[in-house]
Amino acid sequence: MTRQPHPRDAGGRPLRTMRSYTTWSLVGAMAFCTATVAVGIVPQDRVLAAVAVGVGAITTWHSWYWERGGPWWLTALAVATGLGLWWTVVIMSAPTIAVALPAITIAVVTAAGPLAGWGWTAAGGVLLLLPTIPVALLEGPGMAVLIAVAVAVGYGVAVTLIRFTHYGWGLSLELDRARLQAAELAVMQERYRFAADLHDIQGQALHVARLDLQLARRLVDADPARAAATLAEVEELLASTIAETRSLAYGEREVALASELANSGELIRAAGIELEVVGEPRTGGPLDALLGLAVRETTTNLLRHAQPAHVRIDFPSGGVRIVNDGVDAPIREPRGLARLGERVQAAGGVLTSRAEGDTFTTEVRPA
């Protein structure tokens, strides 16, 4: 059975960038909330402010695991310290701004991990509202209702923001999976086209050869000379078919640039990649037969080995240039391009490929 990668291990550079941005945004937001609460408490109770910093540090630590949840002991520690801080605020009649940290803590731990789910989210809301009961007994129902509303609103906002973060990340994963499936589909379409070309080359030739061989068998006694001529025709036909098959296998069959541009454009756009085609190709040059192959090979490579967001195709100096921004790591020239480069050189042209930053450029032009 093939092991499916965890979402944390999936995706290319754009997905990893978004994961990093989301992680540091949440961690930074938690740290900012902790600092804000601590600054608000310090003038009245420095010890409680230090406790709040500790609770905030645990919550910030837990938010680092926002994608799939932290370990169970960290979750338990975050819940215990968050609720402990809230009860301490009630018992000591401390500044109510401190309740923001417990609300954020419960929102964080119920978004992913062992306590993920709307049931646990609702249970967390109930736990946050329980301390308002002694507030009602000690300071009256008006104050209890005011605090309960503040807690509910703060908790609701925190839950909404964190849940939307997870929802957005889920959409990003779905889009990335769709992009990968589109790239795989493009490769399958290329294989199908190869099979269709192979059928076009061999199907008719083999059928004609079969009929000629049947004719030669009938003539071998009645007209040996004609039978020999028929066999020679079959031999010539098979030799031509073998040569065409070899050309197809090594990508040497002439490919029209216009049709390849249209086909590659459909594949690139189907993969969710922005395509920009600048100008019109020049025809009548010595490399016309190879430019379409260059477009096909480059399209296959960028769909299989890169994660570009934008592809640009233009036609400088009677050639073609394809630039994509999907370079994710140091790469070497694909073998298909290396073989095509030898043919381009033999035809009096130059094929170059180079990586510059996050872009990869393939260009075929006259020498």
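The values are calculated or read from the model by the stated rules, or taken from the named source; none is laboratory data. Since the model is a prediction, treat every value here as computed from it, not as a measurement. Every residue, glycine as well, gets a Cβ built from its backbone with ideal geometry; the counts of neighbours run over all protein chains shown. Just the protein is used for accessible areas: all its heavy atoms, side chains included, with ligands, DNA and RNA removed. Shrake-Rupley method; radii C 1.70, N 1.55, O 1.52, S 1.80 Å.
Details
- When the residues of region 90-108 are filtered to those that are of a type in the set (S, T, N, Q) and surrounded by fewer than 21 Cβ atoms within 10 Å (Cβ to Cβ), the one that is nearest to the chain's Cα centre (by Cα) is Thr96.
- Criterion violated by Leu161 - all others in (1) surrounded by 13 or more Cβ atoms within 10 Å (Cβ to Cβ); (2) at pLDDT below 85 satisfied: (2)
- Screening the candidates Thr36, Thr17 for the property of being β-branched (Val, Ile, Thr), at pLDDT below 85, open to solvent by 30 Å² or more (accessible area, probe 1.4 Å) and at negative phi yields one hit, Thr17.
- Unmet requirement for Val126, which otherwise passes all of (1) surrounded by 15 or more Cβ atoms within 10 Å (Cβ to Cβ); (2) in a helix (DSSP H, G or I): (1)
- Once region 174-222 is narrowed to residues that are farther than 23 Å from Leu303 by Cα and acidic (Asp, Glu), the residue that is most open to solvent (accessible area, probe 1.4 Å) is Asp221.
- Complete set of residues in region 39-89 that are surrounded by fewer than 16 Cβ atoms within 10 Å (Cβ to Cβ) and in contact with a His (Cβ under 9 Å, 6 or more places away or on another chain): Arg68
- Qualifying residue in region 311-319 (condition: more than 17 Å from Gly279 (Cα to Cα) and either of a type in the set (A, V, I, L, M) or in a strand (DSSP E or B) (or both)): no
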